Structure formats: structure tokens, C-alpha cells
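Trainee: Quick one: this structure, given as C-alpha cells, is what I'll be asking you about.
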Amino acid sequence: MKENLRTFLTIIEKERRDEALLFVQDLLEKKEMTFFEVYEEILGPSLNEMESTGNPNIDIWNEHIRTAMIKTIVENCYHYVVQERREIHAENRKTVVVFCPPNEYHSVGARMVTDIFTYLGFTAIFVGGNTPFRVLEAGLKSRKIDYVAISISNPYHLISTRNMIQDIRKIDADVKIIIGGNAVRRFGERAESLQADYIMTTFKELETLEKGAHDETGL
């Protein structure tokens, strides 16, 4: 485990919200890590690698507290996202919508993905958690959307996501569909049965998608 992640976990396990935020901001201000590296190497693992106490109610309690703390950090990182995007002059004319399926309320990962898409030059639209299909349908019909990214944390929502993917294709056969999230990562190779165009299990993989978008647009 890398030292920065180890230090961050020590802070967050003690539920020190202010100290956790200041630790990350210090890394970014001193340019010891980019925001992308913070998301990939610190915040992402902190969300996905919680240890069970053996009591499911306490586990959910701890998960909600940790998620709220990380959400605060992500919200305070946005100006670093914009700043770093300007530094690399990213622009690819593609629009991506990021959301969670109905009854999926774990939206922090989706918010982080939206920030990364923004950094990579996309017009990134964060719809949020628990997005009813009728709302997504209205959005798809209101503007040109190139990519739809669905974040799934709870494995119980995998089947409904598959059905949603089929319905999206009926609305716009050209839109590319991306799936990711902890449930997809744990589903492994079986995630291919959801019939998405792209399966992303790490933030780093989004850079590959961005290169593909550049190839398609000739940039």
C-alpha cells in the first residue's frame, strides 16, 4: 500500500473529515499528486476497500460516513479539475452523461468519473444517483449525447441496468454505453452479458476512451 493511501486511511478511519480534506488539498497544492492520481490511488480505493466488522448494520453506518467524507473532498477538488484541464488543453467535442440506475444511491463514484471526463475534455453532465429511465429518456431526446456512463455499486441493480441498456439503444442506436462501478468490477467477465460498449473498472481506463474519441473526431 502506498504511503499516501495508508496515511489517508488512518485519518478517515478516525472520521476526521477536516483533516482528511486538508491532507488531500495539501497534496494537490504542493503538486505532489494530480487530482487524477488522488482519485485513482487514494479516494477510489478508500471507497472500495472497507473491511467488514461482521455486523452489517455497523458496516453500512461506516460506509455512509466514509462516503459522505469523500464526497466533501471531491466537491472541493473541482477547481483542480478545471485547472489541470486547462493545462493540458483538452477538448474533443464529445458529450457524456453520467448517472446511476434507479434505486442506486451510491453516486460518489459517478461524480468522480464525471470530473475525470471533464479533465479529459468532454462536456460531462452529471445527472446523479437514482435516475429513473423516463428522466434519462427525456435527456437523450433533448440533445446530442455521444456517451452514456452508468455507475453501479449494488449488484442487485445489474439486471435492471441490462434492461436499461436495451432501452437506451432503442432511443439512440448510435450512443456508446459505458458501465463501471464496484458491482461491475466484482462481476468480472460476466459483465459482458450486460452488452455495454465499454466496461471500465478503473479511472485510468477512461484515458483510453478519450484517445478513441480523439481518433473518431480527427483531433
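Trainee: Name the residues of the stretch 187-205 whose amide N is less than 16 Å from a point 7 angstrom out from the Cα of Phe133 along the C-beta direction?
Mentor: 194-196, by backbone N distance to the label point.
Trainee: Show which aspartates and glutamates lie in cross-link reach of Lys176 when reach means a straight Cα distance below 17 angstrom and same-chain residues fewer than eight apart are skipped.
Mentor: Here the aspartates and glutamates satisfying the reach criterion relative to Lys176 are Glu137, Asp146, Asp167, Glu192, Asp197, Glu205, Glu207, Glu210, Asp215, Glu216.
Trainee: Mind running the shape call on the stretch 91-203? Use the C-alpha gyration tensor, a ≥ b ≥ c as the square roots of the eigenvalues: rounded below 1.5 for a/c, prolate if a/b tops b/c, oblate otherwise.
Mentor: Numbers: a/c = 1.42, a/b = 1.18, b/c = 1.21.
Judged from the Cα gyration tensor, the stretch 91-203 comes out rounded (a/c under 1.5).
Trainee: Cα centroids of the stretch 41-91 and the stretch 103-152: how far apart, whole angstrom?
Mentor: Comparing the Cα centres of the stretch 41-91 and the stretch 103-152, I get a distance of 17 Å.
Trainee: Related question: Here are some pairs, Lys30/Lys204; Lys30/Lys94; Lys71/Lys141; Lys2/Lys71; Lys31/Lys204; Lys144/Lys170; which of them have Cα atoms lying more than 25 Å apart in this structure?
Mentor: Working: Lys30/Lys204 22 Å; Lys30/Lys94 32 Å; Lys71/Lys141 30 Å; Lys2/Lys71 22 Å; Lys31/Lys204 19 Å; Lys144/Lys170 15 Å.
Among Lys30/Lys204; Lys30/Lys94; Lys71/Lys141; Lys2/Lys71; Lys31/Lys204; Lys144/Lys170, the Cα-Cα distance tops 25 Å for Lys30/Lys94; Lys71/Lys141.
Trainee: Within the chain, what is the longest stretch that has no trypsin sites (Lys or Arg not before Pro) placed in a DSSP loop and near at most 12 other beta-carbon atoms within 10 Å?
Mentor: Excluding the exposed sites themselves, the longest stretch runs over 32-142.
Trainee: Just Ala110, Ala138, Ala124 to compare: in a GNM of the chain, with alpha carbon springs under 10 Å, which one fluctuates most?
Mentor: Of Ala110, Ala138, Ala124, the Gaussian network model singles out Ala138 as fluctuating most.
Trainee: Follow-up question, since we're still on this one. What longest range of the chain stays clear of loop-exposed GluC sites (Glu not before Pro) (DSSP non-H/G/I/E/B, at most 14 other C-beta within 10 angstrom)?
Mentor: Longest gap between qualifying sites, sites excluded: 92-219.
Trainee: Separate question: FRET efficiency for Ser142 and Glu19, Cβ-Cβ distance as r, R0 = 41 Å, nearest 0.05?
Mentor: 0.45
Trainee: Given the Cα-Cα distance of Ala173 and Glu205 and 0.36 nm per residue of separation, how much length would full extension add, in nm? Working shown, then result.
Mentor: Numbers: separation 32, 0.36 × 32 = 11.52 nm, distance 2.36 nm.
Contour length minus Cα-Cα distance gives 9.2 nm.
Trainee: So how far apart, in nm, are the two label points at Glu63 and Asn154 if each is 7 Å from Cα heading toward Cβ?
Mentor: For Glu63 paired with Asn154, the spin-label model returns 0.9 nm.
Trainee: What's the FRET efficiency of Ala90 with Ser52 using the Cβ-Cβ distance as r and R₀ = 30 Å, to the nearest 0.05?
Mentor: My answer for the efficiency is 0.15.
Trainee: Right, here's the next one. With +1 on the Cβ of every Lys and Arg and -1 on the Cβ of every Asp and Glu, and nothing else charged, how large is the dipole of the chain about its Cα centre, in debye rounded to the nearest 20?
Mentor: Numbers: 27 positive and 34 negative charges, 129 e Å.
Here the size comes out at about 620 debye.
Trainee: Additional query: Using a Gaussian network for the chain with springs between C-alpha atoms less than 10 Å apart, which of these wobbles most: Asp59, Asp115, Asp172?
Mentor: Comparing Asp59, Asp115, Asp172 in a Gaussian network model of the chain, the most mobile one is Asp59.
Trainee: Could you tell me which of rounded, prolate or oblate describes the chain, using a ≥ b ≥ c as the square roots of the eigenvalues of the alpha-carbon gyration tensor, with rounded for a/c under 1.5 and, failing that, prolate when a/b is larger than b/c and oblate otherwise?
Mentor: Numbers: a/c = 2.02, a/b = 1.25, b/c = 1.61.
It is oblate, given that a/c is not under 1.5 and a/b is not larger than b/c.
Trainee: Could I ask something else about it? May I ask you to evaluate 6.51 cos²θ - 1.76 cosθ + 1.60, the Karplus curve with θ = phi - 60°, for each residue of the stretch 91-100 and list the ³J(HN,Hα) values in order in whole Hz, giving x for glycine and proline?
Mentor: 6, 9, 6, 9, 10, 10, 10, 10, 7, 10
Trainee: Quick one: if you take sqrt(5λ) for each eigenvalue of the C-alpha gyration tensor of the stretch 3-83, what semi-axes come out, biggest first, whole angstrom?
Mentor: 24, 12, 11
Every number here is computed from the coordinates shown, using simple stated rules; none is lab data. Every value quoted in this text rests on a predicted model; they were computed, and no experiment measured them. For neighbour counting, all protein chains shown are included, and Cβ atoms are generated from backbone atoms with ideal geometry for every residue, glycine included.
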